[in-house]
Amino acid sequence: MSDYSTTHVLVIDDEPAICASLSAFLEDYGFQASTAESAEEALDLMKSNTYDICIVDLRLPGMSGEDLILQAKERYPTQKHIIYTGSISYNLSDKLKAQGMRPEHVFLKPIRVLSLLVKCIKELTAEEPA
């Protein structure tokens, strides 16, 4: 297994069980994982921590996941994002596409094959900064 210990991932979801299960999975895989249960909490964590990848639920209390991604990208341009949503009809907005997000960065809940999420994280961390 590769060493992912230098890759910091922030899981942002208002469901504590999802935060706990996804972060535990990522830690088992060797990633450094943290969690936030709102966009505001995530932005606060970003002030004092560096995250390579954020896995973002779209429906969050307060600020939406999409707005979080747009603000985070403005403040931390090298940060990459993966959307994790329960909305089966979700399509990337033009604003997110302009930030370099692609359909393969969107995962529907529940992810049945978690290795696909790891593959996406690996590919995003290997990309050159935008």
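The values are calculated or read from the model by the stated rules, or taken from the named source; none is laboratory data. All values derive from a computational prediction rather than experimental measurement. When we count neighbours, we look across all protein chains shown, and the Cβ atoms used for this are built from the backbone with ideal geometry, even at glycine. For accessibility, only protein heavy atoms count, side chains too; no ligands or nucleic acids. Shrake-Rupley method; radii C 1.70, N 1.55, O 1.52, S 1.80 Å.
Can you tell me which aspartates and glutamates have their Cα less than 18 Å from the Cα of LYS97? Leave out same-chain residues fewer than eight positions away. Leaving aside aspartates and glutamates fewer than 8 places away in the same chain, those within reach of LYS97 are ASP57, GLU66, ASP67, GLU74, GLU123, GLU127, GLU128.
Keeping every protein chain present and rolling a 1.4 Å probe, give me the accessible area per residue for the chain in Å².
Working: 6940 Å² over 130 residues.
For the chain, the per-residue accessible area is 53 Å².
With the full set of protein chains in place, find how many percent of the accessible area of the chain is carbon and sulfur; take the probe as 1.4 Å.
Numbers: 3480 of 6940 Å².
Here it works out to 50 percent.
Summing Lys and Arg as +1 and Asp and Glu as -1 over all other residues whose Cβ lies under 14 Å from the Cβ of SER48 gives a net charge of 0.
The slack in the chain from GLU127 to SER5, taken as 0.36 nm per residue of separation less the alpha-carbon distance, amounts to 42.2 nm. In this structure the amide hydrogen of ILE82, modeled in the peptide plane, comes within under 5 Å of the amide hydrogens of CYS54, ILE55, VAL56, none closer than 5 places in sequence on its chain. Among the listed pairs LYS80/LYS109; LYS47/LYS119; LYS95/LYS119; LYS47/LYS122; LYS47/LYS109; LYS80/LYS122, those with a Cα-Cα distance over 21 Å are LYS47/LYS119; LYS95/LYS119; LYS47/LYS122; LYS47/LYS109.
When the chain is fully extended, how far beyond the present Cα-Cα distance does ASN49 get from ARG75, taking 0.36 nm per residue of separation?
Values: separation 26, 0.36 × 26 = 9.36 nm, distance 1.27 nm.
Length gained between ASN49 and ARG75: 8.1 nm.
Dividing the radius of gyration of the alpha carbons in the chain by their Kirkwood radius gives 0.91 for Rg/Rh.
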